[in-house]
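Worksheet for the structure shown next.
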Amino acid sequence: MGVTRRIASLVLVVIAFAMLANGCKSGETTSPESAGPPVVAAAGDIADCASEGDEATARLLGGIKGTIITLGDNVYENGTPEEFADCYDPTWGRFNDRTRPAAGNHEYHTPQAKGYFDYFGEAAGDSSKGYYSYERGSWHIVALNSNCQEIGGCGAGSPQGRWLRNDLANDRSKCTLAYFHHPLFSSGLYRPGISGVKPLWETLYFAGADVVLNGHDHNYERFAPQDPDGKADPKRGIREFVVGTGGKILYTIEDPIPNTESYNDDSYGILKLTLHPESYDWQFVSAQGSSFADAGSYECH
């Protein structure tokens, strides 16, 4: 019996070393990213101490596993350290360990967006740039900075423009998602969109990107795949989602521009994307009290 116990003990030791070599610990469950296709949850125009909208969307995030993407204007009105501490941190700040942010124009109301970069740290990228990229499953994800005047422009010859071309040229992923604050196409307050980001769109389009996520207009809008000139292009076009529904007061959409497929201007919520190897599912998850829904699937190029 003593020999049997010693053999059993040796077996347990071998198993324990194998688990440590694989980065596991006794009692751990499978991580959200390895349990199935990667998921990202996105919204912009988020926290305001005078609004309860960000509390409502933060409750939604608690039920969605995966990476959280912010689409700029993370906290109002000026992106100060105090506003991040008092208004953003108690709600969306609870999920900072899985958040990859983008900067909005309100962040730059504080010189050099110092409050934003100090708060998010390395997750926000180089503080002189605010753009970076990473992978989720088989997807390449690019966070851009659409505050063009603050970082040397967004044109093809700008530092960001050159970086983006090189980043996409070196990527071999089947599917690509990009996100930044200002939308090229929008039907709300900023109708028909912000033309200054068109060079970014052109680079993404010719590189075969699939999805662009934006905020800035405080509403939800989904477009059919289109080219940078706004022409429908089901084969190579980029599908844009405007998701400025993170918590700040919402803006009205009265007359949707061409290629709009779905929109809503009275619901806070989160866009949930499930990233399959060659396709994606989308679902707009409304905050409690709203019945609006939008969901679908599409293949990558």
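The values are calculated or read from the model by the stated rules, or taken from the named source; none is laboratory data. Here the structure is a predicted model, which means the values were calculated and not measured. Positions of Cβ are generated from backbone atoms using ideal geometry, with glycine treated the same way; all protein chains shown enter the neighbour counts.
Things to note:
- Close pairs from region 181-203: first among the β-branched types (V, I, T), partner in a helix (DSSP H, G or I), Cβ under 8 Å, at least 6 apart: V197/C148; T203/G161; T203/L164; T203/R165; T203/L168
- Residues located in region 265-297, provided they are under 14 Å from L250 (Cβ atoms) and of a type in the set (D, E): D265, D266
- Number of residues in region 88-108 that are more than 14 Å from the chain's Cα centre (by Cα), closer than 17 Å to L71 by Cβ and part of a helix (DSSP H, G or I) equals 5.
- Strands (runs of 3 or more DSSP E) within region 128-228 that include 3 or more residues in contact with a strand residue (DSSP E or B) (Cβ under 8 Å, 6 or more places away or on another chain) and among the hydrophobic types (A, V, I, L, M, F, W, C): 139-143, 175-179, 211-214
- Whichever residue in region 210-221 is in contact (Cβ under 8 Å) with a residue 60 or more places away in the chain and under 18 Å from T176 (Cβ atoms) and, among such residues, is farthest from the chain's Cα centre (by Cα): D210
- Qualifying residues in region 39-66 (those that are outside any loop (DSSP other than H, G, I, E, B) and in contact with an Asp or Glu (Cβ under 8 Å, 6 or more places away or on another chain)) - the one nearest to G130 (Cα to Cα): A47
- Sub-6 Å Cβ pairs linking a first residue in region 281-298 that is closer than 19 Å to E240 by Cβ and in the same structural domain as D266 (by TED's automatic domain parsing) to a second residue that is at pLDDT 95 or above and part of a loop (DSSP other than H, G, I, E, B), at least 6 apart or interchain, are F292/S267, ordered by first then second residue.
- Long-range neighbours under 8 Å by Cβ, at least six apart or interchain, first residue on the phi < 0 side of the Ramachandran plot within region 227-242, second modelled with pLDDT under 95: K235/H301; R236/H301
- Within region 225-244, being buried (at least 18 other Cβ atoms within 10 Å of the Cβ) and either basic (K, R) or within 17 Å of L177 (Cα to Cα) (or both) holds for P225, Q226, P228, G237, I238, R239, E240, F241, V242, V243.
- Given (1) under 19 Å from the mean Cα position of the chain (by Cα); (2) closer than 21 Å to A43 by Cβ, index of the condition P277 fails: (2)
- Residue under evaluation E261, criteria (1) touching a His at 6+ places or on another chain (Cβ under 6 Å); (2) more than 30 Å from E77 (Cβ to Cβ), criterion not met: (1)
- If the condition is being part of a loop (DSSP other than H, G, I, E, B) and touching a Ser or Thr at 6+ places or on another chain (Cβ under 8 Å), then region 229-245 contributes only T245.
- Residue count for region 246-301, restricted to those that are in a loop (DSSP other than H, G, I, E, B), closer than 20 Å to T70 by Cβ and of a type in the set (A, V, I, L, M): 3
- In the set R222, R172, only one residue is surrounded by fewer than 18 Cβ atoms within 10 Å (Cβ to Cβ) and either within 19 Å of V40 (Cβ to Cβ) or in the same structural domain as T70 (by TED's automatic domain parsing) (or both); that residue is R172.
- Filtering G188, G193, G247, G269 for residues that are small (G, A, S), touching a Leu at 6+ places or on another chain (Cβ under 8 Å), closer than 21 Å to N105 by Cβ and buried (at least 21 other Cβ atoms within 10 Å of the Cβ) leaves a single hit, G193.
- Some residue of region 107-122 being within 18 Å of A41 (Cβ to Cβ), of a type in the set (A, V, I, L, M) and either at pLDDT below 95 or crowded, with 16+ Cβ neighbours inside 10 Å (or both): no
- Every listed requirement among (1) in contact with a His (Cβ under 8 Å, 6 or more places away or on another chain); (2) closer than 21 Å to T274 by Cβ is met by I249 save one, (2).
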